[in-house]
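Trainee: This is the structure, below, for whatever I ask next.
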Amino acid sequence: MPELPEVETTRRGIAPHIIGQRISRVTVRDARLRWPVDPALSRKLAGQTVRDVARRAKYLLITLDRGSVILHLGMSGSLRIVPQGTPPVAHDHVDILFANGLVLRFNDPRRFGSLFYTEADPLEHKLLCALGPEPLERAFDGDYLFEKSRGRKLACKLFIMNNAIVVGVGNIYASESLFVAGIRPGRAAQRVTRAEYRQLATAIKSVLRKAIRKGGTTLRDFTQPDGNTGYFSIHLNVYGREGEACHVCGTTIRQKVFGQRATYWCPGCQR
DNA sequence: ATGGGCACCTGGCTGC
DNA sequence: TGCAGCCAGGTGCCCA
């Protein structure tokens, strides 16, 4: 899946096409997403106009007149804007059709994504209400991480990937941020110092901002919302580079699994 | 409360 | 060439 920069890139890509547009209907080709798509979705959305496209963590929030569509891309989901009548390809599960002839099309090979509608405050939804701060907001800083981490023995990499602590730090950017901050991923969260957490919070912000600026890392199944094949890629220092030389010090990059996820670091640059 | 592990699913790649 | 096995960007939930 898209990590946070990819979700934000998607939000920015689709927003200008759908804000102010009226939904005519919804076509569900395969309702078997992470949770079954509501059979009455089309009836509930038809006639409503998109007022805003927001993001909380990696959830996209499409604000309508009376409610919100909450959409998650899972591991392999993507959204595209296509003209009505464009033949669907494999895994094009849901289409939201607009009166102006455009279609917001959700594709997700692995079907870990989700899409549902609520007329309550989306931020109060069970899946969203307990989330930690957004990494790019001021409330998230090194002092916050330091306070939250006292007494926590798990690996600091898993700590920063915990959505209750901070949202939006996925597997790639967790390794990359720890590299920039010079902290080894396996260290217990409670053993990382306040000064190091300040470095880490700064690193997380800069790594995510840089990736957003670049339009999201290009991964196998991420497609730009407008269908452009022009791919972007941020410069990865450690992720996926096991056995290769560190760009900074030349030390061989190592890999180890933490919490069932591959984790990469440079033993020369990270302590 | 915390942490560990599993589950959900398809597709691409590797190596025999 | 075929196929088994392994790996992949997430995260909710169950259990100890």
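Readers should treat all values here as calculations from the given coordinates under stated rules, not as data from a laboratory. Worth saying up front: this structure is predicted, and the values here are computed from it rather than measured. As a convention, Cβ positions derive from the backbone with ideal geometry for all residues, glycine included, and neighbour counts pool all protein chains shown.
Trainee: Taking the Cα centre of segment A:80-131 as origin, work out the dipole magnitude from +1 charges on Lys and Arg Cβ and -1 charges on Asp and Glu Cβ, in debye rounded to 20.
Mentor: On the way: 5 positive and 6 negative charges, 53 e Å.
Computed charge dipole of segment A:80-131: roughly 260 debye.
Trainee: How high is the relative contact order of segment A:1-110, given as a whole-number percent (alpha carbon pairs under 8 Å, six or more residues apart)? The partial results should precede the final answer.
Mentor: Details: 209 pairs, mean separation 33.3, N = 110.
That works out to 30 percent.
Trainee: Looking only at segment A:50-76, which residues have a backbone nitrogen under 16 Å from a spot 7 Å from the Cα of A:R261 in the C-beta direction?
Mentor: A:57-59, A:73-76
Trainee: Dipole of chain A (Lys/Arg Cβ +1, Asp/Glu Cβ -1, origin at the Cα centre): which of A:G67, A:V167, A:I96 lies farthest to the positive side?
Mentor: A:V167
Trainee: Checking the table A:K58/A:K210; A:K148/A:K210; A:K58/A:K214 against a 20 Å threshold on Cα-Cα, which pairs fail? Before the final figure, lay out the partial values.
Mentor: Numbers: A:K58/A:K210 17 Å; A:K148/A:K210 26 Å; A:K58/A:K214 18 Å.
Pairs exceeding the cut-off: A:K148/A:K210.
Trainee: Checking the a/c ratio against 1.5 first, then a/b against b/c, what shape does the Cα gyration tensor give for chain A? Don't jump to the answer; show the numbers that get you there.
Mentor: Numbers: a/c = 2.42, a/b = 1.80, b/c = 1.35.
Taking the square roots of the gyration eigenvalues as a ≥ b ≥ c, chain A is prolate.
Trainee: Given the options A:S76, A:S114, A:H247, identify the residue whose Cα lies farthest towards the positive end of the charge dipole of chain A (+1 on Cβ of Lys, Arg; -1 on Cβ of Asp, Glu).
Mentor: Of the options given, the answer is A:H247.
Trainee: Once you wrap a convex hull around the alpha carbon atoms of segment A:6-75, what is its projected area averaged over all directions, in nm²? Don't jump to the answer; show the numbers that get you there.
Mentor: Numbers: hull surface 19.5 nm².
Reported value for the Cα convex hull: 4.9 nm².
Trainee: Can I ask one more? Compute a Gaussian network model of chain A, connecting alpha carbons closer than 10 Å, and tell me which residue from A:P36, A:P87, A:P133 fluctuates the most.
Mentor: Sorting by GNM fluctuation, first place goes to A:P87.
Trainee: Spin-label point model (7 Å from Cα, Cβ direction): what's the A:R138 to A:R43 distance in nm?
Mentor: In this crude spin-label approximation the distance works out to 4.8 nm.
Trainee: If you place +1 on the Cβ of every Lys and Arg and -1 on the Cβ of every Asp and Glu, how big does the dipole about the Cα centre of chain A come out, in debye to the nearest 20? Walk me through the intermediate numbers first.
Mentor: On the way: 41 positive and 24 negative charges, 144 e Å.
Approximately 700 debye in magnitude.
Trainee: Suppose each label sits 7 Å from its Cα in the direction of the beta carbon; what would the A:E244-A:R51 distance come out to in nanometres?
Mentor: 4.7 nm
Trainee: Here's a follow-up. Stretch A:F112-A:R12 to full length: gain in nm at 0.36 nm per residue minus the Cα-Cα span? Walk me through the numbers on the way to the answer.
Mentor: Details: separation 100, 0.36 × 100 = 36.00 nm, distance 2.21 nm.
Extending this stretch completely gives an extra 33.8 nm.
Trainee: Also: Using the Karplus curve 6.51 cos²θ - 1.76 cosθ + 1.60 with θ = phi - 60°, what ³J(HN,Hα) values do you get for each residue of segment A:114-131, in whole Hz, with x for Gly and Pro?
Mentor: For segment A:114-131, the Karplus curve yields 8, 7, 8, 10, 9, 9, 8, 4, x, 5, 8, 4, 3, 7, 10, 6, 9, 6 Hz.
Trainee: OK, next. With only Lys, Arg, Asp and Glu charged, each at its Cβ (+1 for the first two, -1 for the last two), find how big the charge dipole of segment A:50-153 is about the Cα centre; round to the nearest 20 debye.
Mentor: So the magnitude is around 420 debye.
Trainee: Chain A: longest stretch without exposed GluC sites (Glu not before Pro) (DSSP loop, at most 16 other Cβ within 10 Å), sites themselves excluded?
Mentor: Numbers: sites that count: A:E119, A:E137, A:E242, A:E244.
Answer from the scan: A:1-118.
Trainee: Just to be sure I understand: with springs between alpha-carbon atoms less than 10 Å apart, which residue in A:T86, A:T202, A:T27 has the highest mean-square fluctuation in the Gaussian network model of chain A?
Mentor: So, out of A:T86, A:T202, A:T27, the one fluctuating most is A:T86.
Trainee: I need A:I253, A:I81 ordered by Cβ neighbour count within 10 Å, fewest first.
Mentor: Numbers: A:I253 23, A:I81 19.
Final ranking by Cβ density, sparse to dense: A:I81, A:I253.
Trainee: In whole angstrom, how far apart do the alpha carbon centroids of segment A:93-139 and segment A:147-187 sit?
Mentor: 25 Å
Trainee: Among A:L64, A:L97, A:L128, which one shows the highest mean-square fluctuation when chain A is modelled as a Gaussian network with alpha-carbon springs under 10 Å?
Mentor: A:L128
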